Amino acid sequence: MMSGAIDVYGPADAPPVVLLHGATMNRTMWAAYESRRYRAIVPDLPGHGSLIDDRFRLEDGVTLASRVIDEHAGGRAIVGGSSLGGYVGITLADRAPDKVAGLVLSGATASYLGWGGFETRMFGRMMRLIGGRVQFKNEEALRKKLPESAEAIIDAGISMRAGADALLDLPGNDFHAMLGRYRGPVLVLNGERDKVNRKEEEAALARMVDGRAEMIEDAGHACVLTRPEAVRWALERFVVEVSGTTTAG
């Protein structure tokens with residue numbers, strides 16, 4: 001079974017929060033999320049970072065996240081996910097709701113059914129063919145967008161192959177239906193300019209039993225990276241609400 005690297009930030013006695021990164025990225029994208037209000041447990045997903053030699057499958061991502069909760073969070077945690085990590089979290093909450101005290105989703109309210117799923121698969125096939133040849137462009141774009149943190153993320157491993165694997169594996173899963181079956185609290189944090197996820201945000205919220213959304217202003221799909229202070233503050237408030245803690249931040 002895959003092992004992989006895990007970073008842990010925050011007090012040992014604070015509420016555990018498992019943070020799952022987006023496609024092509026790795027656990028270092030959460031480096032700015034250290035907080036006294038929660039204990040952040042941050043693994044690499046299959047095919048990414050320390051597990052870059054593996055292939056990504058949603059099933060394997062869920063298995064890894066479940067094991068991380070068992071081994072590092074005492075069997076139950078709030079799960080936060082950016083993009084791909086959000087869909088891993090949704091699937092885990094559907095399959096093992098007792099392990100998920102709450103969900104925080106950023107860039108993970110889009111539907112992968114119908115035409116949207118078809119387009120996603122086509123893009124995934126294209127990425128699989130040319131991903132290696134355009135990876136340097138992805139790295140350069142990251143350097144421009146995140147001049148202070150890009151090198152650490154790049155050094156930890158960016159995988160266009162894993163991104164392609166994710167785009168090919170997500171379509172056909174009814175994530176909105178999964179959210180409808182989960183009974184716990186859900187916080188949606190989409191960037192103001194994330195058109196794809198904002199478009200389907202209302203439909204996703206309508207399926208949730210206990211869900212709400214907060215827009216991250218002046219941000220796009222990668223708001224977890226570009227607006228970490230705003231996202232972290234929203235995450236901290238959610239942790240306090242769900243866990244009932246009052247640890248000073």
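A short reminder: the numbers here are calculations on the coordinates, not readings from a lab. Bear in mind that the values here come from a model prediction, so they are computed numbers and not experimental data. Here the Cβ is made from the backbone with ideal geometry for all residues, glycine too, and neighbour counts use every protein chain on show.
A few remarks follow.
- By the Stokes-Einstein formula, at 0.890 mPa s and 25 °C, the range 51-108 with its Kirkwood radius over alpha-carbon pairs has D equal to 217 µm²/s.
- Across Leu84, Leu170, Leu105, mean-square fluctuation computed from a Gaussian network of the chain (C-alpha pairs under 10 Å connected) peaks at Leu170.
- Simple spin-label estimate for Lys144 and Glu59 gives 4.0 nm between the two label positions (7 Å along the Cα-to-Cβ direction from each Cα).
- Residues of the range 1-45 with amide N under 18 Å of a point placed 7 Å along Cα→Cβ from Arg67: 1-8, 18-21, 27, 41-45
- Paramagnetic label zone (point 7 Å from Cα along Cα-to-C-beta, Ile6; backbone N under 15 Å) in the range 26-69: 27, 39-46, 50-51, 61-69
- Only lysines eight or more places from Lys99 in sequence, or on another chain, were considered; none has a Cα closer than 28 Å.
- Based on alpha carbons, the Rg and Dmax found for the range 106-249 are 17.0, 50 Å.
- For the range 1-114: rounded, prolate or oblate by the Cα gyration tensor [a/c cutoff 1.5]: rounded
- Potential lengthening between Leu113 and Ala96 on full extension [0.36 nm per residue; Cα-Cα distance subtracted]: 3.8 nm
- Within a Gaussian network of the chain (alpha carbon springs, distance under 10 Å), most fluctuating of Val42, Val68, Val88: Val68
- GNM on the chain, alpha-carbon springs under 10 angstrom: the most fluctuating residue among Arg95, Arg128, Arg237 is Arg237.
- Förster radius 45 Å - calculated FRET efficiency between Glu241 and Ile130 (Cβ-Cβ, nearest 0.05): 0.55
- Only lysines eight or more places from Lys199 in sequence, or on another chain, were considered; those with a Cα closer than 28 Å are Lys137, Lys144, Lys145.
- Contact order for the chain, expressed relative to its length and based on alpha carbon pairs under 8 Å spaced 6+ residues apart, stands at 22 percent.
- With an a/c value under 1.5 for the gyration tensor axes a ≥ b ≥ c computed over the alpha-carbon atoms, the chain is described as rounded.
- Measure of compaction for the range 78-137 (Cα Rg per 2.2 N^0.38 Å): 1.40
- Tensor-based shape of the range 39-176 (alpha-carbon gyration tensor, a/c under 1.5 rounded, otherwise prolate or oblate): oblate
- Kirkwood-based shape ratio for the range 98-167, expressed as Rg/Rh from alpha carbons: 1.06
- Size of the range 170-249: Rg and Dmax of its alpha carbons, in Å, are 13.7, 43.
- Taking Lys and Arg as +1 and Asp and Glu as -1, the other residues whose beta-carbon sits under 14 Å from that of Asp194 total -2.
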